[in-house]
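Enquirer: I'd like to ask you about the structure that follows.
What follows draws every value from the coordinates through simple rules; no lab data is involved. Every value quoted in this text rests on a predicted model; they were computed, and no experiment measured them. Note that each Cβ is placed from the backbone with ideal geometry, even for glycine, and that neighbours are counted across all protein chains shown.
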Amino acid sequence: MKIMDFLNKKAVTVHLRSVDKESVIRELVDLLAKADEIKNKEELIKALLTRESLGSTGIGQGIGIPHAKSENVKNLVAAFGLSQKGVNFDSLDGEPAYIFFLLIAPEESAGPHLKALARISRMLKDKYFREMLKKAKDEKEILCIIQEEDSKKY
């Protein structure tokens with residue numbers, strides 16, 4: 001499974017304006033809504049915030065991977081956001097998060113959902129990859145970086 005298989009190219013930004021966890025989630029859901037990937041924004045936000053209440057998806061090293069299952073999507077879909085200033089995302093290491101992948105899966109798709117989370121996590125363990133993403137100047141550069149990394153074996 002490749003990230004580019006489920007990352008919506010229209011739902012990518014290098015200019016997240018949000019300053020807290022909930023607003024990051026809202027901003028990323030807005031990107032998916034503008035890309036016509038979801039049906040009900042508020043339901044999706046509620047599902048994501050409910051998932052966050054179980055434990056933060058801020059996994060440390062400047063990364064947040066908010067995710068949920070929802071009837072609002074037909075297929076596995078993701079958005080990407082980059083924060084220049086960093087956001088307190090209740091990360092495991094207490095550090096701000098800069099790199100965000102928001103992942104939404106249909107209710108009944110446990111397998112693909114877990115495979116996508118694992119793929120994103122494995123790729124983001126690479127410090128060089130994280131640094132490249134953080135230095136990206138625009139959305140096109142983000143997509144090129146992810147495509148290049150996607151072509152490697154993990």
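Enquirer: Might you let me know whether segment 40-47 holds any residue that is under 24 Å from Lys140 (Cα atoms) and buried (at least 22 other Cβ atoms within 10 Å of the Cβ)?
Expert: No, there is no match, as no residue in segment 40-47 is under 24 Å from Lys140 (Cα atoms) and buried (at least 22 other Cβ atoms within 10 Å of the Cβ).
Enquirer: Still on this structure, please answer the following. Look at Leu103 and say whether it is in a strand (DSSP E or B), surrounded by 15 or more Cβ atoms within 10 Å (Cβ to Cβ) and touching a helix residue (DSSP H, G or I) at 6+ places or on another chain (Cβ under 7 Å).
Expert: So Leu103 fits the description; yes.
Enquirer: Among the residues of segment 1-51, write down those that are part of a strand (DSSP E or B), within 14 Å of the chain's Cα centre (by Cα) and of a type in the set (D, E, K, R).
Expert: If the condition is that a residue be part of a strand (DSSP E or B), within 14 Å of the chain's Cα centre (by Cα) and of a type in the set (D, E, K, R), then Lys9, Lys10 are the ones that fit.
Enquirer: A further question follows. Among the residues of segment 129-147, how many are out of contact with any helix residue (DSSP H, G or I) (no Cβ under 9 Å at 6 or more places or on another chain), exposed (fewer than 15 other Cβ atoms within 10 Å of the Cβ) and in a helix (DSSP H, G or I)?
Expert: Of the residues in that region, 3 qualify.
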